[in-house]
Amino acid sequence: MSYKKRFDGREFDQTREIETKTKVIKRADGSAMFKIGDTIAYAAVYGPRELYPKFMQNPQKGLLRINYSMMPFSGSGERVRPGPSRRSREISMVIEKALSPVINLEDFPNAVVDVFIELPQTDAGTRCAGICAASMALADAGIEMKDMVSSVSVGRVDDKIVVDLCYDEEAYEDGPVADIHLAVIPSTGELTLLQMDGEISKQDLLKAIEMGKKACIKINEIQKKSLKENYISKDKEEKK
Amino acid sequence: MSELKIKEKGVVVPGEVLAEGMDFLPSNGTYRLKDKILAKKLGIMKTEGKVIKLIPLSGKYLPKKHDVIIGRIIDVNFSGWSVDTNSAYAAMLPIKDATSEFIRRGADLTKFFDIGDYIVTQITNVTSQNLIDLTMKDQGLRKLREGRILKINPHKVPRVIGKQGSMVSMIKNATGCQITVGQNGVIWLQGDPKGEIIAIEAIKIIEEKSHINGLTDEIQKFLEKNKVTDANEKYSEKVKVK
């Protein structure tokens, strides 16, 4: 019961400060940066392009391939070993499952869309930041999708339900902690990702999900605005 | 009552509500969710009567029958050539459509097109699995020698060409370059080195500002400012000397 105020002074249902940008990687077909607090995610999309080895091809529809990776210096100072690990492979798979319900690749049989997510700096909530960045990058690359996907972590720290946990909250030691990752399709309110670490009661979980959905809708607005910025700012120049 | 949520020619992103109510019909790049019409791609909204459609702003080139494109030879097979089309798929140029010359069985096909060569070619067929067939048997279809290759966003190609080729011929006249624009966003140009640089810059301006009004005037101003004096004559003289 000692957790009365959040470590960084936020409200319990408030996310950290969000900063976004698209077209950050010139060579990619689509790219985006998503920064939430001290967590930064970059996503680059290549494709659709032909998929090799051939046995991986699907003649019915295109494949979405996600590659999540944390940079060696991204954590608290402990070197993160580069390259695929058990953890990064799992998160890549989870992100792919979170994004594939909105993406339509039926027009691209035997092809692949590659999404590379890199995290230069991490402070909890990396997979959520990764999903947000990836869905913006996919939209920027002109991939056909029903909606964008927004994602945020919710959870409980001691007896409080909070949105967007930072690392200090995830590692809170004086009480039970639950860390839940959500991804939401804003237009329908459907969940595409629900994962949890820790323990929580049923009522609290439902309450947390509701709070997460609200936060996701706010994040979605930021994502949409950022994607449009590239084009609207040019319109203004013209008027001058 | 039905109403539009976005004004005509507004930039929209996937999942954005374009219209509410059953009076509108979704078309290219949009879909209906209950009584709303939502966008499926990043693009510009256009309405034609009650039909709402979306003109995409980004994405790879989608191969279409009868398009003239610029491709790069990436492989030589028994039966023809594989060509990179700057789309998601490679295309096939069969021997019988490659040249009107007689090719003996077992002849060395690299004599005609070698790996890395650029060709102006036309799409004859695209299947449901996106297998692309090409031909070289038409006017203006040829192998490209010398010159420069420039890649732009394939959705901006109509603006680079302009109405009935007005934009591209303006650049041609001002810089004295020969220019071929492929529908797949690959552009070939050849001319005086100075003219080439100006033409490339002009094309880049078009790509960047493609959606503004009065683009032609702006390009004209740009070309006048950077005019190459007698570039056309100089270049043609050089060719004669050769």
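The values are calculated or read from the model by the stated rules, or taken from the named source; none is laboratory data. What you are looking at is a predicted structure, and each value in this text was computed from that prediction instead of being measured. Quick reminder, even Gly has a Cβ in these numbers, built from the backbone with ideal geometry, and neighbours come from all protein chains shown.
For the reader, a short list of remarks on this structure follows.
- Qualifying residue in segment A:125-134 (condition: within 14 Å of chain B (Cβ to nearest Cβ), in a loop (DSSP other than H, G, I, E, B), in contact (Cβ under 8 Å) with a residue 40 or more places away in the chain and of a type outside the set (A, V, I, L, M, F, W, C)): no
- Of all residues in segment A:182-194, those satisfying the criterion of being within 14 Å of chain B (Cβ to nearest Cβ), touching a Leu at 6+ places or on another chain (Cβ under 8 Å) and either part of a loop (DSSP other than H, G, I, E, B) or without any contact (Cβ under 8 Å) to a residue 40 or more places away in the chain (or both) are A:Val184, A:Ser187, A:Thr188.
- One residue stands out among those in segment B:25-40 that are part of a loop (DSSP other than H, G, I, E, B) and touching an Asp or Glu at 6+ places or on another chain (Cβ under 9 Å): the one that is farthest from A:Ile219 (Cα to Cα), which is B:Ser27.
- Checked against the criterion of being part of a loop (DSSP other than H, G, I, E, B) and under 27 Å from A:Tyr3 (Cβ atoms), the candidates A:Asp174, A:Asp179, A:Asp197 yield just one match: A:Asp174.
- Members of segment B:117-158 that are among the charged types (D, E, K, R) and more than 18 Å from B:Leu93 (Cβ to Cβ): B:Glu146, B:Arg148, B:Lys151, B:Lys156
- Within segment B:3-57, the residues that satisfy the criterion of being among the β-branched types (Val, Ile, Thr) and closer than 19 Å to A:Ala139 by Cβ are B:Ile6, B:Val11, B:Val12, B:Val13, B:Val17, B:Thr30, B:Ile37, B:Ile44, B:Ile52, B:Ile55.
- In segment B:175-183, the condition of being of a type in the set (S, T, N, Q), in a helix (DSSP H, G or I) and buried (at least 16 other Cβ atoms within 10 Å of the Cβ) is met by at least one residue.
- When B:Met45, B:Met22 are checked against the criterion of being part of a strand (DSSP E or B) and not assigned by TED's automatic domain parsing to the domain that holds B:Tyr118, B:Met45 stands alone in meeting it.
Residue by residue, here is whether (1) buried (at least 23 other Cβ atoms within 10 Å of the Cβ); (2) touching a His at 6+ places or on another chain (Cβ under 6 Å); (3) closer than 24 Å to A:Val102 by Cβ holds:
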site: A:Val154; (1), (2), (3): yes, no, yes
site: A:Tyr172; (1), (2), (3): no, no, no
site: A:Ala178; (1), (2), (3): no, no, no
site: A:Ile185; (1), (2), (3): no, no, yes
site: A:Ile200; (1), (2), (3): no, no, no
site: A:Gln203; (1), (2), (3): no, no, no
site: A:Glu210; (1), (2), (3): no, no, yes
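- Scanning segment B:38-53 for residues being more than 7 Å from chain A (Cβ to nearest Cβ), surrounded by 21 or more Cβ atoms within 10 Å (Cβ to Cβ) and not β-branched (Val, Ile, Thr) gives a total of 3.
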